[in-house]
Structures are given as structure tokens and as C-alpha cells.
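Participant: Have a look at this one.
The values are calculated or read from the model by the stated rules, or taken from the named source; none is laboratory data. Predicted model only: the values in this text are computed from it and were never measured. Don't worry about glycine lacking a Cβ; one is built from the backbone with ideal geometry, like all the others, and counts go over all protein chains shown. These accessible areas exclude ligands, DNA and RNA; they are computed on the full protein's heavy atoms, side chains included. Shrake-Rupley method; radii C 1.70, N 1.55, O 1.52, S 1.80 Å.
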Amino acid sequence: MLERLAQGGENLQEHELLEILLFNAIPRKNTNEIAHNLLNAFGNIDGVFGAEFSQLSEIEGVGESTAAYLKCIALFYEKVKFGKKELPALVNAGDFASLVKARFEGLSCEVLDFYCTDSRNRVKRFQRFSSKETDRVRLAPEQVSKFIAKEHPYGLVAAHNHLSGGCDPSEEDDNFTAQIQMLCSMNNIRFLDHCIVCGDGFYSYFMSGRMEDIRRNFSVENIFGKKKP
């Protein structure tokens, strides 16, 4: 396999690539079975590198040190892919749509990305959540609250993918958007947009004109009343 890698590696299969990586983390051991365990658990290499540290650690033959090794590779990949160029300003909807589509390309499960922005609408941080399911992302409210409390951005954008069907939001998507807006309102954070990607399609609550109504209807001010001057 190393000879084939030295020749370009184009014909190496996913489990063989993982075997080579794992051999550096677990020397003097046949890593074929572990590579197959990882692919069986997460579907493909993208799923392996998108898995959480705790999920990787639970796979037979992996353990904490190998999970840390794989997680580091995943983080390096993210930084190389997206860290060389400045992330686009959200005011340019076309550029942001291209960024989101690129990040969701080739995924085999639904994921949810949160983008944190500064007061100039520049993306400064992003975080991905996934429950490795093809039709939903299970995300507890306390996970979102913990993320918001830790990052406390000026603004927030949510984006997730649909693996089947169109990009039009479902009732569940509408409810999720309202819930995130309420959490942002409680923490004095501006919820800028919720985007949905499906194949080559793209839907934006902001561009559709719905985001302003959601911000107005699901806010702390609306529930408790505006403060008197």
C-alpha cells in the first residue's frame, strides 16, 4: 500500500487509506479490522473525520489516543480547506451560499453548522453538530445554550443539509428556527439567517423575507414587552 501511495495513491480504497493512517497511530499491529470497524460505524472517511471524539473512542480497537490522532487529522483538514482564505462577509449572500454548499458536499448524513460573526458580519468561528442520521440532526437545547454561552458571538447563522427532497423548510425547520431565535434573543445575539442546502439547491430564511418576522415574533421583547424609555 505504501508503494501505491508513493505512486500517487489514486487507486487506494477508503479502508486502505485508513489502514495507513492508523498504522502511524498503532504501530506493529494489523489495522485492517479497525479501519473496517470505523467505516462500518460512520459510513465513509468523511463520516469518520466528522465523528466526535467520544464516538471514535467507543469503536473497538480505537481507544482515546487513536481517537485523538484521527480528530487532529480532521481538524487539520478543516483548517487547510477553509483557513487559507478569509471567510466571506454575510452581506454577500452569493459568496456565503457557495461556502455552505462546499462544506456540505459529499456528506452522507444530515449536519448542522453554526457560524459566529462579529459586528461587521464576518464569520469568525464555526461549529458542526451531527447525530449521524440521514433525515435529521438531534440537538438538545442545552447543547445550543452551552455553545452560545461559550462563543457569545455578535451574530449567528445556522445552516443544515437535506439529503432528500427539496430545500423548502419543513415545519420542524420552522420550529427550530424559532427556538434558536428565542435563545439568541435571550443572550442579546442577532440571529442573522438559517440556510438549507439540498444538492445544488439553497434556501435562506433571510433571502425569502421570513427572518425578520421570526426575529420579531420570537424575541424576549415581544414576550415581556418593550422597555419604556
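Participant: Arrange the residues ILE20, ILE196 by how much accessible surface each exposes, largest first, with a 1.4 angstrom probe.
Facilitator: On the way: ILE20 30, ILE196 0 Å².
Accessible-area ranking of ILE20, ILE196, largest first: ILE20, ILE196.
Participant: Here's a follow-up. Dividing the alpha-carbon radius of gyration of the chain by 2.2 N^0.38 Å (N being the number of residues), what value is obtained?
Facilitator: Working: Rg = 20.2 Å, N = 229, 2.2 N^0.38 = 17.3 Å.
So the Cα radius of gyration is 1.16 times the expected 2.2 N^0.38 Å.
Participant: Answer rounded, prolate or oblate for the range 9-50, using the Cα gyration tensor with square roots of eigenvalues a ≥ b ≥ c: rounded when a/c is under 1.5, else prolate when a/b is larger than b/c, else oblate.
Facilitator: Values: a/c = 1.84, a/b = 1.25, b/c = 1.47.
Because a/c hits 1.5 or more and a/b fails to exceed b/c, the range 9-50 counts as oblate.
Participant: Now for a separate question. Along the Cα→Cβ direction, 7 angstrom out, place labels at ASN11 and SER170. What is the inter-label distance in nm?
Facilitator: Spacing of the two 7 Å Cα→Cβ label points: 4.3 nm.
Participant: Taking all protein chains in place and a 1.4 Å probe, what share, in percent, of the accessible surface of the chain do carbon and sulfur account for?
Facilitator: Values: 6810 of 13480 Å².
Taking all protein chains in place, the chain shows 50 percent carbon and sulfur surface.
Participant: Here is a further query. Along the charge dipole of the chain, Cβ charges K/R +1 and D/E -1, which of TYR154, TYR115, GLY47 sits furthest on the positive end?
Facilitator: Towards the positive end, the residue furthest out is TYR154.
Participant: Name every cysteine in the chain that ends up alone, with no second cysteine's Cβ under 4.7 Å, or say none.
Facilitator: For the chain, the answer is CYS72, CYS109, CYS116, CYS184, CYS195, because their Cβ atoms have no other cysteine Cβ under 4.7 Å.
Participant: Can you put LYS71, LYS29, LYS101, LYS150 in order of accessible area, largest first, using a 1.4 Å probe? Mind showing how you got there, number by number?
Facilitator: Details: LYS71 50, LYS29 105, LYS101 75, LYS150 160 Å².
Correct descending sequence by accessible area is LYS150, LYS29, LYS101, LYS71.
Participant: Relative contact order, percent, of the chain when contacts are C-alpha pairs under 8 Å separated by at least 6 residues?
Facilitator: Details: 293 pairs, mean separation 28.1, N = 229.
Worked out over the chain, it gives 12 percent.
Participant: Is the range 93-133 rounded, prolate or oblate when judged by the Cα gyration tensor, a ≥ b ≥ c being the square roots of its eigenvalues, rounded requiring a/c under 1.5 and prolate requiring a/b larger than b/c?
Facilitator: Details: a/c = 3.90, a/b = 1.60, b/c = 2.44.
Verdict is oblate for the range 93-133.
Participant: Note down the magnitude of the dipole of the range 95-141 about its Cα centre, charges +1 on Lys and Arg C-beta and -1 on Asp and Glu C-beta and zero elsewhere, to the nearest 20 debye. Don't skip to the answer; put the middle values down first.
Facilitator: Numbers: 10 positive and 7 negative charges, 48 e Å.
Its charge dipole is roughly 220 debye.
Participant: With a 1.4 Å probe and all protein chains kept in place, how do ILE148, ILE45 rank by accessible area, largest first? Kindly include the intermediate steps, with their values, before the conclusion.
Facilitator: On the way: ILE148 0, ILE45 30 Å².
The ordering from most to least exposed comes out as ILE45, ILE148.
Participant: Right, next: How large is the charge dipole for the range 119-181, taken about the Cα centre, if only the Cβ atoms of Lys, Arg (+1) and Asp, Glu (-1) carry charge, to the nearest 20 debye?
Facilitator: Working: 10 positive and 9 negative charges, 136 e Å.
Magnitude of the dipole: close to 660 debye.
Participant: Now for a different question. Among SER219, VAL137, VAL197, which residue has its Cα furthest toward the positive end of the charge dipole of the range 99-229, with +1 on Lys/Arg Cβ and -1 on Asp/Glu Cβ?
Facilitator: My answer, from the dipole projection, is SER219.
Participant: Hey, another quick one. Long-range amide H contacts for LYS124: which residues qualify at under 5 Å (H placed 1.01 Å from N, peptide plane, sequence gap of 5 or more or a different chain)?
Facilitator: CYS116, THR117, ASP118
Participant: Using the crude model of +1 on Lys and Arg Cβ and -1 on Asp and Glu Cβ, and no other charge, please compute the dipole size for the chain relative to its Cα centre, in debye to 20. Could you put the intermediate results ahead of the total?
Facilitator: Details: 27 positive and 32 negative charges, 262 e Å.
My answer is approximately 1260 debye.
Participant: With every protein chain kept in place and ligands, DNA and RNA left out, what is the accessible area per residue of the chain? Probe 1.4 Å, answer in Å². Please list the in-between numbers first.
Facilitator: Values: 13480 Å² over 229 residues.
Averaged over the residues of the chain, the accessible area is 59 Å².
Participant: Springs between alpha-carbon pairs under 10 angstrom, Gaussian network model over the chain: which of ARG28, ARG210, ARG103 fluctuates most?
Facilitator: ARG28
Participant: With n ≥ 4 as the cut-off for DSSP H runs, can you work out [θ] at 222 nm for the chain, using -39500 (n - 2.57) per run divided by the number of residues, rounded to the nearest 500?
Facilitator: Values: 11 runs with 110 residues, N = 229.
The helix contribution divided over the chain gives -14000 deg cm²/dmol.
Participant: Here's something else I'd like to know. Assuming 0.36 nm per residue, please report the length gained on full extension of the stretch ASN40 to ARG28 beyond their Cα-Cα distance.
Facilitator: 2.0 nm
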